[in-house]
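A.B. asks: Supplied in structure tokens, the structure appears directly below.
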Amino acid sequence: MCGIVGYIGDEEAVPVLLKGLKKLEYRGYDSAGIAVLGKSGLLVRKSQGPLKSLEKLIGDETARGALKGTMGIGHTRWATHGEPSDINSHPHTDVSGKIAVVHNGIIENHAKLKAWLVAHGVSFRSETDTEVAAHLIDFHYNGDLLQAVQEALKRLEGSYALGIISESDPDRIIAVRKESPLVIGAGKGENLIASDVPALLEYTRDVYYLEDEEIAVLYRDQVEFYSREGQKLSKEISHVDWDAGAAEKGGYEHFMLKEIHEQPKALTDTLRARIKTYGAKTINLEEIGFDASWAEANRVVIAACGTAWHAAMIGKYIFEHFARIPTDAEIASEYRYRNPIYHPRDIFIIISQSGETADTLAAMRMAKKSGARIIAITNVVGSTLAREADLVMYTWAGPEIAVASTKAFTTQLMCLSLIALQFGLLRKTTTEAALSGYIDALEQLSDQARKILDGKENIQRFASLQFNKAKVFFMGRLFDYAVSLESALKLKEISYTHSEAFAAGELKHGPIALVDTSTLVVAICTQCALFDKMDSNIKEVKARGAATVVITYDGVDYFDKTADEIFRIPRTLDSLTPILSVIPCQLYAYYCAVQRGLDPDKPRNLAKSVTVE
Ligand code: AGP
């Protein structure tokens, strides 16, 4: 997720762009840049690092009155393709430097387009997908920037919000939206573009929300709208009454709730560039450099901390299910001090949202020293983990601001499923025929997650009744046990409720001694073959006074007589249920924290990334 701004009007553009970018830093902050069009032509300034690095870079020029111009575009980056660096920062230009582009999203066919452009004599400077757009627009430019953009759009695949300006077309900004958000601010004698409303509020509260495949052409005194095919459109103006703080959270009260709701899109983004849907559906992990040798492993070890370790646990089940390869899930802080035994051709999958967790990095380095090969699953391009691993699969979830990890977790599971299916194909434990069905199930998860979120009020109601429970236990079997662990962590870390999880089969080996009328027990029941076992466990805790909640599939009435409350999720493959069953638990934890008057985004004693032991 990146931040885009643009301005055309009578004021100097640079201060407006910098202020707008400041408001969008929560969308991406590993580099920033601006392009401004004035008497000196089109000038581009950009740098790696936070926005203040860019401000420092241009401080002298702006102080002596350079970088003048009343039209420009700007960008804060959350890298997806190409590490954070000056040259990979946006804006990107064509070879002549006369067309500048800022982009939020992923151009999925960038490699193919880049090869085509290089074959036509275009030389590239950066490793980004975005630069392709700048050259493609230039390639199609015959004096009309709008027409060139429309021609280029016909060849772009993926998601993109684009801001485009050209030295040869000095009186308008062109903005395009496909799946990545873009808002047009309608001012008096000035107009703006932005990825999100906060960047506009200082100038106007009158906005147009661009829909997918729409193009906006901003002049100083008007805005025109076109369809992708060039048909002129008329759009309704909206008035924004959010305050600036709420606007950064997309109108949600907290980043955590916003990020829970970003999961459907994050799941789509994580999946889409990794499956081939033309012809027979199959997995496509070429982008991470995967080859058949990776599947010759004797064993897979998945190491991580916290929520990422819960993903690792689920990864164990997924790998042994799809690839029938012995798989261990290791807590990194335990692993690093255990003097572990290595097998030849071990493969390690190291999971870390931040890519900077000290224990996780230590475990990775130990494994690497032993000769194992490392696949990283991380959300941060250019993180230490990403730089030291042999292969990297990004979750592309966008910045996760809340300390409690939510969208990172579900997209980690998506990545693990894709890698496990790839292993299964190579080891012939998964057939091409079965694969198409698995991919269908993966593709449905985004809409299924959205359906669960649509029912959040029911979970909010339940939390308003139960938030003061002294003890909350989560239990489940197999995949549901791992989700129970994650759910207990979510609840304890943001609501400070004593919550714990156990394998339901362990109930009678100890935990049942704690069950009484002050206890709420959440039973996660998605493993159909074990419904009868779970039903017995629920009856056992109910008999001792516990309030019982079941999370199970739509249409399952197995627990109707035993559960006090049932939250339902859409049906999917047993191995994919954690991506869905965790969502009601994320919401429950969030609403309990809010009911307790706590700030879910900044829980006490916790940091977003534990970079020290
Ligand atoms: C999860 O909600 C916590 N914030 C914490 O357990 C986190 O998952 C853990 O610190 C690992 O962080 P990482 O994924 O950045 O390595």
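The values are calculated or read from the model by the stated rules, or taken from the named source; none is laboratory data. No experiment lies behind these values; they were computed from the predicted model shown. Virtual Cβ from ideal backbone geometry, glycine too; neighbours counted across all protein chains shown. Areas reflect the complete protein model, heavy atoms only, side chains present, ligands, DNA and RNA absent. Shrake-Rupley method; radii C 1.70, N 1.55, O 1.52, S 1.80 Å.
A.B. asks: Out of (1) over 27 Å from the mean Cα position of the chain (by Cα); (2) charged (D, E, K, R); (3) part of a strand (DSSP E or B), the odd one out for ARG177 is which?
C.D. replies: Status for ARG177: all satisfied but (1).
A.B. asks: Also, I was wondering about something else. Tally time: how many residues in the stretch 63-107 are in contact with an Asp or Glu (Cβ under 6 Å, 6 or more places away or on another chain), closer than 16 Å to GLY41 by Cβ and not in a loop (DSSP other than H, G, I, E, B)?
C.D. replies: 1
A.B. asks: Going by what's in this entry, would THR572 be described as surrounded by 24 or more Cβ atoms within 10 Å (Cβ to Cβ), β-branched (Val, Ile, Thr) and in contact (Cβ under 8 Å) with a residue 24 or more places away in the chain? Break it down into steps so the answer makes sense when it comes.
C.D. replies: Working: surrounded by 24 or more Cβ atoms within 10 Å (Cβ to Cβ): no; β-branched (Val, Ile, Thr): yes; in contact (Cβ under 8 Å) with a residue 24 or more places away in the chain: yes.
Considered against the rule, which asks whether it is surrounded by 24 or more Cβ atoms within 10 Å (Cβ to Cβ), β-branched (Val, Ile, Thr) and in contact (Cβ under 8 Å) with a residue 24 or more places away in the chain, THR572 comes out as no.
A.B. asks: Being in a helix (DSSP H, G or I) and under 28 Å from LEU267 (Cα atoms) is the filter here; which residues of the stretch 135-172 pass it?
C.D. replies: Let us first name the residues in the stretch 135-172 that are in a helix (DSSP H, G or I), namely 135-139, 145-153.
Those that are in a helix (DSSP H, G or I) and under 28 Å from LEU267 (Cα atoms): ALA152, LEU153.
A.B. asks: For the stretch 594-612, give me each residue that is farther than 20 Å from VAL380 by Cα and either more than 12 Å from the ligand (Cβ to nearest atom) or in contact with a His (Cβ under 6 Å, 6 or more places away or on another chain) (or both).
C.D. replies: Passing the criteria: VAL594, GLN595, ARG596, GLY597, LEU598, ASP599, PRO600, ARG604.
A.B. asks: Every residue in the stretch 485-519 that is in contact with an Asp or Glu (Cβ under 9 Å, 6 or more places away or on another chain), more than 28 Å from LEU573 (Cα to Cα) and more than 16 Å from the ligand (Cβ to nearest atom), please.
C.D. replies: Once the filter is applied, which keeps residues that are in contact with an Asp or Glu (Cβ under 9 Å, 6 or more places away or on another chain), more than 28 Å from LEU573 (Cα to Cα) and more than 16 Å from the ligand (Cβ to nearest atom), the stretch 485-519 yields LYS508, PRO511, ILE512, LEU514, VAL515.
A.B. asks: For ARG45, which of the numbered conditions (1) among the basic types (Lys, Arg); (2) modelled with pLDDT under 95; (3) over 24 Å from the mean Cα position of the chain (by Cα) fails to hold?
C.D. replies: (2)
A.B. asks: If you scan the stretch 201-222, which residues turn out to be in a loop (DSSP other than H, G, I, E, B) and either of a type outside the set (A, V, I, L, M) or loosely packed, with under 14 Cβ neighbours inside 10 Å (or both)?
C.D. replies: Here is the first cut: in the stretch 201-222, the residues in a loop (DSSP other than H, G, I, E, B) are 201-205, 210-213, 219-222.
GLU202, TYR203, THR204, ARG205, GLU211, ASP212, GLU213, TYR219, ARG220, ASP221, GLN222, listed by residue number.
A.B. asks: Here is a further query. Are any of the residues in the stretch 30-45 open to solvent by 30 Å² or more (accessible area, probe 1.4 Å), out of contact with any helix residue (DSSP H, G or I) (no Cβ under 7 Å at 6 or more places or on another chain), assigned to a strand (DSSP E or B) and in contact (Cβ under 8 Å) with a residue 24 or more places away in the chain?
C.D. replies: yes
A.B. asks: Quick one: would you say TYR588 is over 23 Å from THR497 (Cα atoms) and among the hydroxyl-bearing types (Ser, Thr, Tyr)? Please lay out each step first, then the result.
C.D. replies: Numbers: over 23 Å from THR497 (Cα atoms): no; among the hydroxyl-bearing types (Ser, Thr, Tyr): yes.
For TYR588, the condition - over 23 Å from THR497 (Cα atoms) and among the hydroxyl-bearing types (Ser, Thr, Tyr) - is not met.
A.B. asks: When you scan the stretch 479-529, how many residues do you find that are touching a Ser or Thr at 6+ places or on another chain (Cβ under 6 Å) and surrounded by fewer than 23 Cβ atoms within 10 Å (Cβ to Cβ)?
C.D. replies: Number of matching residues: 1.
A.B. asks: Hey, another quick one. Have a look at ALA433, ALA482, ALA463 and point out the one that is over 19 Å from TYR590 (Cβ atoms) and modelled with pLDDT of 95 or more. Steps first, answer last, please.
C.D. replies: On the way: ALA433 fails: modelled with pLDDT of 95 or more; ALA463 fails: over 19 Å from TYR590 (Cβ atoms).
After applying the criteria, what remains is ALA482.
A.B. asks: While we're looking at this one, here's another question. Which residues, counting only those in the stretch 272-312, are open to solvent by less than 20 Å² (accessible area, probe 1.4 Å) and outside any strand (DSSP E or B)?
C.D. replies: Once the filter is applied, which keeps residues that are open to solvent by less than 20 Å² (accessible area, probe 1.4 Å) and outside any strand (DSSP E or B), the stretch 272-312 yields ARG274, LEU285, ILE288, TRP294, ALA295, ALA297, THR307, ALA308, HIS310, ALA311, ALA312.
A.B. asks: Take the residues of the stretch 231-271 that are closer than 22 Å to ILE377 by Cβ and of a type in the set (S, T, N, Q): which is most open to solvent (accessible area, probe 1.4 Å)?
C.D. replies: Of everything passing the filter in the stretch 231-271, THR268 is most open to solvent (accessible area, probe 1.4 Å).
A.B. asks: Out of the stretch 342-384, which residues are part of a helix (DSSP H, G or I), within 15 Å of the ligand (Cβ to nearest atom) and aliphatic (A, V, I, L, M)? Step through it out loud before you land on a result.
C.D. replies: Let us first name the residues in the stretch 342-384 that are part of a helix (DSSP H, G or I), namely 358-369, 384.
Those left that are additionally within 15 Å of the ligand (Cβ to nearest atom): 358-365, 384.
ALA358, LEU361, ALA362, ALA363, MET364, listed by residue number.
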